[in-house]
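Notes to accompany the following structure.
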Amino acid sequence: MEAIATDFGIEKALKQLGVKDINEGTSTGSNNFSNGDIIESYSPVDGKLIGKVKTTTQADYDKVMDAATKAFKTWRTMPAPQRGEIVRQFGEKLREKKEALGKLVSYEMGKSYQEGLGEVQEMIDICDFAVGLSRQLHGLTMHSERPGHRMYEQYHPLGVVGIISAFNFPVAVWSWNTALAWICGDVCVWKPSEKTPMCGIACQNIAAEVFAANNLPEGISCLINGDYRVGEMMTKDTRIPLVSATGSTRMGKIVAKEVAGRLGKSLLELGGNNAIIVTPDADVKMTVIGAVFGAVGTAGQRCTSTRRLIIHESMYDTVKNAVVDAYKQLRIGNPLDEKNHVGPLIDKDAVKMYQNALTQVVEEGGNVIVEGGVLSGEGYESGCYVKPAIAEAKPEFKIVQHETFAPVLYLLKYSGDVHNALEIQNGVAQGLSSAIMTNNLREAEAFLSVQGSDCGIANVNIGTSGAEIGGAFGGEKETGGGRESGSDAWKVYMRRQTNTINYTTSLPLAQGIKFDL
Ligand code: UN1
């Protein structure tokens, strides 16, 4: 074993999750694969090596796809409520392993342990949701225009669903996809982020245990590992009718083009540039909680993170001072230590992007009011801990228009009515999450109206992050248009078939066409 941190119960959690020193990295449940390059996973928490994973080779990938396509043939014939029972068992296992998995998420990704637990809770919630849904994959029935005919629609599974997930939600986003895909009768092939491969191994182990205990084929849940080249194997593969990809807009555009080029479907969850509008009728205390959690939670690395506060001029100084005061209370440090609010960024590249954003906002004429900086010294040896920063800026600054995956919050001022604030809010390329803080019904309804927020998520008196799984999650414009998790997002994982049955002895044609022989 190479250096493995012993503090905060990490070693115990890794053992409990079966995350060994060197992992195969490619799996259809059992591990029996060739020797791809090694990916080493270092924790941003303490810079130590957590483990190693093998990159999936083309030969490995083909084995996975064979196993997955074969497993689909069995899985799709199992009644959906029975598939729901398997997902229920998977959710039970997650409950048992919640602390261990939450710890691994925190240690490998860097988010606070509380947020790591929250992420596993999202997995449990989507399992519960999917179990209920497994009895509700409804289609409609229609009245036929022809006598003695019955017309209805039914949903069938698509086949193999490819999942590409990001480092920031290394386990939950996979489960939003798999829990739904599984009850729909699909099988899944997952490529987790190469920055959080151990989280992938841990989830795969849990899933494999459940499928094995039920004598089901291991190919129902498959894992592949590697960088974009491994992702490309999926995007180019006509055996994969749906690719669900979470990550940057840059990545999403490549995936969308590749998958559309073969007329496959893609489900995209890409960048956000989320704002909270603070009106003259806002509750300042609630605003501060929403804004600060939104901006510094997960160290600003959620796609729903709050990046812009659009404050009415009459409230500007009050809100600014309250938020700046709150930042003084923030404790930055080891995210496994529950007294800390903010953990590290994922890696040193992310630190560079954070530094560049702070330089650029000043170059563009912004005014930094809470200084940033990289922390060093005891506890900060990984070099990934940064101070959450705040800058006063203008909506049109290039850096403000850009999504920087770091705890940098921009304060923007508006005057006049809420429509002016909305113009600023909607005046970016991304369209994921949005929020308004107001006790004024007219402002709230204007924000939610057709002239209001153009985002997929629009919250009143709630911050931009922390959505529940029950709603459809996703956004518009450069966010990619996909919807995952709740509501009727399940429909993306199925194909719709319209069935018309003639139970008469004649064959009347639709539209009254006469064709007598
Ligand atoms: C993401 O950042 O990719 O709404 C997902 C939230 C979480 C999910 C974020 N439930 O902040």
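The values are calculated or read from the model by the stated rules, or taken from the named source; none is laboratory data. Quick caveat, the model's predicted, so the values are computed rather than measured. As a convention, Cβ positions derive from the backbone with ideal geometry for all residues, glycine included, and neighbour counts pool all protein chains shown. Calculation scope for accessible area: heavy atoms of the full protein, side chains included, ligands and nucleic acids excluded. Shrake-Rupley method; radii C 1.70, N 1.55, O 1.52, S 1.80 Å.
Which residues, counting only those in the range 367-391, are open to solvent by less than 50 Å² (accessible area, probe 1.4 Å) and out of contact with any helix residue (DSSP H, G or I) (no Cβ under 8 Å at 6 or more places or on another chain)?
G373, L375, G377, G379, S382, Y385
Among the listed residues T438, T498, identify the single one that is open to solvent by 20 Å² or more (accessible area, probe 1.4 Å), over 14 Å from the mean Cα position of the chain (by Cα) and hydroxyl-bearing (S, T, Y).
Numbers: T438 fails: open to solvent by 20 Å² or more (accessible area, probe 1.4 Å).
Sole residue among the options that is open to solvent by 20 Å² or more (accessible area, probe 1.4 Å), over 14 Å from the mean Cα position of the chain (by Cα) and hydroxyl-bearing (S, T, Y): T498.
To keep it simple, each residue is scored yes or no on (1) assigned by TED's automatic domain parsing to the domain that holds I310; (2) small (G, A, S); (3) in a loop (DSSP other than H, G, I, E, B); (4) over 19 Å from S314 (Cβ atoms).
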position	(1), (2), (3), (4)
G372	yes, yes, yes, yes
V400	yes, no, no, yes
E403	yes, no, yes, yes
Y410	yes, no, no, yes
N420	yes, no, no, no
Q425	yes, no, no, no
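For the range 261-275, give me each residue that is open to solvent by 10 Å² or more (accessible area, probe 1.4 Å) and charged (D, E, K, R).
Passing the criteria: R262, K265.
Taking the range 140-165 on its own, how many of its residues are assigned to a strand (DSSP E or B) and open to solvent by 10 Å² or more (accessible area, probe 1.4 Å)?
13
Within the bounds of the range 276-296, is there any residue that is surrounded by 24 or more Cβ atoms within 10 Å (Cβ to Cβ), of a type outside the set (F, W, Y), within 16 Å of the ligand (Cβ to nearest atom) and assigned to a strand (DSSP E or B)?
Yes, the range 276-296 contains a residue that is surrounded by 24 or more Cβ atoms within 10 Å (Cβ to Cβ), of a type outside the set (F, W, Y), within 16 Å of the ligand (Cβ to nearest atom) and assigned to a strand (DSSP E or B).
Wholly within the range 166-255, which strands (runs of 3 or more DSSP E) include no fewer than the required count, namely at least 1 residues that are crowded, with 23+ Cβ neighbours inside 10 Å and free of Cβ contacts under 8 Å to residues at least 60 places away in the same chain?
Details: elements: 187-191, 221-223, 242-246.
Here the list reads 187-191.
Mind telling me which of the residues V418, V428, V450 ends up being away from the ligand (no atom under 16 Å from the Cβ) and free of Cβ contacts under 8 Å to residues at least 12 places away in the same chain?
Numbers: V418 fails: free of Cβ contacts under 8 Å to residues at least 12 places away in the same chain; V428 fails: free of Cβ contacts under 8 Å to residues at least 12 places away in the same chain.
Exactly one of V418, V428, V450 is away from the ligand (no atom under 16 Å from the Cβ) and free of Cβ contacts under 8 Å to residues at least 12 places away in the same chain, namely V450.
Go through the range 297-325 and give me each residue that's more than 13 Å from the ligand (Cβ to nearest atom) and open to solvent by 10 Å² or more (accessible area, probe 1.4 Å). Full working, then the answer.
Applying the first criterion (more than 13 Å from the ligand (Cβ to nearest atom)) to the range 297-325 yields 308-325.
The answer is H312, E313, S314, M315, Y316, D317, T318, K320, N321, A322, V324, D325.
Within the range 393-421, track down each residue that is touching a Ser or Thr at 6+ places or on another chain (Cβ under 7 Å) and surrounded by fewer than 24 Cβ atoms within 10 Å (Cβ to Cβ).
If the condition is that a residue be touching a Ser or Thr at 6+ places or on another chain (Cβ under 7 Å) and surrounded by fewer than 24 Cβ atoms within 10 Å (Cβ to Cβ), then no residue fits.
If you go through the range 132-139 one residue at a time, do you hit one that is part of a helix (DSSP H, G or I) and either within 16 Å of the ligand (Cβ to nearest atom) or in the same structural domain as P335 (by TED's automatic domain parsing) (or both)?
Step one: filter the range 132-139 for residues part of a helix (DSSP H, G or I), giving 132-133.
So of that shortlist, the ones also either within 16 Å of the ligand (Cβ to nearest atom) or in the same structural domain as P335 (by TED's automatic domain parsing) (or both) come out as none.
No - not one qualifying residue is present in the range 132-139.
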